[in-house]
1. How far is it, in nm, from the label point at residue 72 to the one at residue 45 when both lie 7 Å from their Cα along the line to the Cβ?
2. Based on the Cβ-Cβ distance of residue 37 and residue 59, what FRET efficiency does E = 1/(1 + (r/R0)^6) give at R0 = 30 Å, to the nearest 0.05?
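Since every read-out is calculated from the coordinates, none of them should be taken as a lab result. No experiment lies behind these values; they were computed from the predicted model shown. Positions of Cβ are generated from backbone atoms using ideal geometry, with glycine treated the same way; all protein chains shown enter the neighbour counts.
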Amino acid sequence: EGWIPMPTVLSESMSPEGFQLVFPAVPGYTYTPQFARSLSESNHWVPVSSTNGSGSLSILTVTDATPDPAVRFYRLARQPSP
């Protein structure tokens, strides 16, 4: 997997639809943006949604439609698609 870009967030922003995360996706992998309410609860990551990479390397945007008004920490999880 050395050639596959690490699942990193390229940008984030608030929109009328919610909190948006933009990240690169590779075909054949499923990406699951997740959030936690604090870093001390890092074993309590909650999925926002799940999406698959398709075609060639692409940039995807996922929206957390119900962002908490308090602090949230986000990360991306990646695994091979079944």
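1. A separation of 1.5 nm, rounded to one decimal place.
2. On the way: r = 28 Å, r/R0 = 0.92.
After rounding, the FRET efficiency stands at 0.65.
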